[in-house]
1. Quickly rank 13-19, 24-30, 2-8 as a protection proxy: mean count of other C-beta atoms within 10 Å, highest first.
2. Could you calculate the contour length gain from residue 65 to residue 52, that is, 0.36 nm times the residue separation minus the distance between their Cα atoms, to one decimal place in nm?
3. Between residue 23 and residue 10, 0.36 nm times their residue separation minus their Cα-Cα distance comes to what?
């Protein structure tokens, strides 16, 4: 069973990432994260990405932008 606590945790991280760059459309933000997960040549479709992998990608994105606030997945 998946941990329901992941929902709020991931949404809070998405909010932080999007608020830091409000000119991005939501689809652009998610697309950027999706692209990072699959690499330059083979981005993975969102429906095959496990929540843990998506959150780890989001953590890297936040860290690179200096927005991680000490979060760890």
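1. Details: 13-19: 15.7, 24-30: 12.6, 2-8: 9.6.
The peptides rank, most packed first, as 13-19, 24-30, 2-8.
2. On the way: separation 13, 0.36 × 13 = 4.68 nm, distance 1.99 nm.
Extending this stretch completely gives an extra 2.7 nm.
3. Numbers: separation 13, 0.36 × 13 = 4.68 nm, distance 2.04 nm.
The span from residue 23 to residue 10 would gain 2.6 nm if fully extended.
FYI, it's all coordinate maths here, none of it is from the lab. No experiment lies behind these values; they were computed from the predicted model shown. Reconstructed Cβ throughout: ideal geometry from the backbone, glycine too, with neighbour counts over all protein chains shown.
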